[in-house]
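A short write-up of the structure that comes next.
Derivation of every value follows stated rules applied to the coordinates shown; laboratory data play no part. On a predicted model such as this, the values are computed, not experimentally measured, just so you know. Note that we place each Cβ from the backbone using ideal geometry, even for glycine, and neighbour counts take in every protein chain shown.
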Amino acid sequence: MFDDYLSWKPFFEIVPMKVEDCIEMSELHGQRFPRRWSDGEFQNLLLQGGVFGFVARQTNAFFSKPFGGFVLSREAAGEAEILTVAVSDKFGRQGLGWRLMQAGLREAAARGAETMFLEVEAANEAAVKLYGKLGFRTVGERPAYYTGPDGTRSAALVMSRVLR
Ligand SMILES: CC(C)(COP(=O)(O)OP(=O)(O)OC[C@H]1O[C@@H](n2cnc3c(N)ncnc32)[C@H](O)[C@@H]1OP(=O)(O)O)[C@@H](O)C(=O)NCCC(=O)NCCS
């Protein structure tokens, strides 16, 4: 019994995003990015045509369904893009980013997209490595694209991946 307790680990399901998820998405976005997107901004995006997403919810918590992360994407005219993706730092490096991205890639392909694009800060090692592992390759660079809270500028990479 005690051994079971020690080996207990969180399990997550990846499910389609709903408007009701937007408050938790906004909270997590604020924890993981310098400028938080409000729940209203998320709602407006999600209600736009071609926009879809997935969230990770823990299935083996006792009293609630803790929120692990989300990915938000858009598909239009055969091209898709990742609008944003984030995983709670409580559950980092457990494969949630990978699973969320895979769900987004599969859905984009099912909606007819042939290519997925995204933009990422070149210095964001975790994200750049995750995207590289998923088969994304750098197709462009925008120097001094982001401005940090202290005014420093950093480059953005544009990455893409063929979906079939
Ligand atoms: C980027 C992010 C989504 C990754 O989520 P995650 O659930 O921790 O990632 P995963 O556990 O699925 O990792 C998959 C692979 O990504 C890479 N990776 C993830 N975190 C990493 C880190 N901290 N350092 C180096 N590589 C990392 C590794 O290659 C990893 O595979 P491995 O564990 O077998 O080595 C998460 O760190 C995050 O939310 N960051 C803040 C928000 C952000 O930067 N979003 C992307 C903006 S474009």
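Once the Cα atoms of helix 22-32 and of the chain are each reduced to a long axis, what angle between those two axes, in degrees from 0 to 90 to the nearest 10, is obtained?
The angle comes out at about 70 degrees.
Region 1-79: D in µm²/s via Stokes-Einstein (Kirkwood Rh, Cα pairs, 37 °C, 0.692 mPa s)?
Details: Rh = 14.1 Å.
For the chosen part, D equals 232 µm²/s.
I want the local charge near V128. Using Cβ-Cβ distances under 14 Å, sum +1 for each Lys or Arg and -1 for each Asp or Glu among the other residues.
Numbers: positive: K129, K133, R137, R161; negative: E119, E121, E125, E141.
Here the charged neighbours net out to 0.
When the helices in the chain are scored as -39500 (n - 2.57) per DSSP H run of 4 or longer and the sum is shared across all residues, what 222 nm value do you end up with, to the nearest 500 deg cm²/dmol? If you can, show how the numbers build up before the last one.
Numbers: 5 runs with 48 residues, N = 164.
The helix contribution divided over the chain gives -8500 deg cm²/dmol.
Please give me the summed charge of the neighbours of Q58: other residues whose Cβ is under 11 Å from its Cβ, Lys and Arg +1, Asp and Glu -1.
Numbers: positive: K9, R57, K65, K90; negative: E13.
Residues near Q58 contribute +3 overall.
For A123 and D89, what is the calculated FRET efficiency with R₀ set at 22 Å and r taken between the beta-carbons, to the nearest 0.05?
Values: r = 18 Å, r/R0 = 0.80.
Using R0 = 22 Å, I get an efficiency of 0.80.
Which FRET efficiency, nearest 0.05, do S38 and F11 yield, Cβ-Cβ r, R0 25 Å? Display every interim value, and only then the final one.
Values: r = 30 Å, r/R0 = 1.21.
Computed FRET efficiency for S38 and F11 comes out at 0.25.
Which value in nm describes the separation of the simple spin-label points at T115 and S64, placed 7 Å from the Cα toward the beta carbon?
4.2 nm
Could you tell me what fraction of 2.2 N^0.38 Å the Cα radius of gyration of region 99-164 comes to, as a two-decimal ratio? Could you put the intermediate results ahead of the total?
Numbers: Rg = 13.3 Å, N = 66, 2.2 N^0.38 = 10.8 Å.
That ratio works out to 1.23.
At R0 = 22 Å, how high is the FRET efficiency between E79 and T138 if r is their beta carbon distance? Nearest 0.05 is fine. It would help to have the intermediate numbers written out before the result.
Details: r = 17 Å, r/R0 = 0.78.
So, using R0 = 22 Å, E works out to roughly 0.80.
Obtain the radius of gyration and the Kirkwood radius of the chain from its C-alpha atoms and give Rg over Rh.
Numbers: Rg = 16.6 Å, Rh = 16.8 Å.
In the chain, Rg relative to Rh is 0.99.
When ranked by the protection proxy of mean other Cβ atoms within 10 Å per residue, highest first, what sequence do the peptides 11-22, 77-88 form?
Working: 11-22: 15.4, 77-88: 19.3.
Put in order of decreasing packing, that is 77-88, 11-22.
Over region 54-97, one equal point on each Cα, no solvent: what is log10 I(q)/I(0) by the Debye formula at q = 0.20, 0.24, 0.25 Å⁻¹?
These q points yield log10 I(q)/I(0) values of -0.68, -0.83, -0.87.
Testing the spin-label approximation: label points 7 Å from Cα along Cα→Cβ at K18 and V158. State their distance in nm.
With each label point 7 Å from Cα toward Cβ, the separation is 3.7 nm.
Lys/Arg Cβ at +1, Asp/Glu Cβ at -1, dipole of the chain taken about the Cα centre: which of A123, G69, S38 is farthest positive-ward?
Highest projection toward the positive end goes to A123.
Taking the chain, how many lysine pairs are there with alpha carbons less than 23 Å apart, if each pair must be eight or more places apart or span two chains?
Numbers: K9/K65; K9/K90; K18/K65; K18/K90; K65/K90; K90/K129; K90/K133.
Eligible lysine pairs with Cα atoms under 23 Å apart amount to 7.
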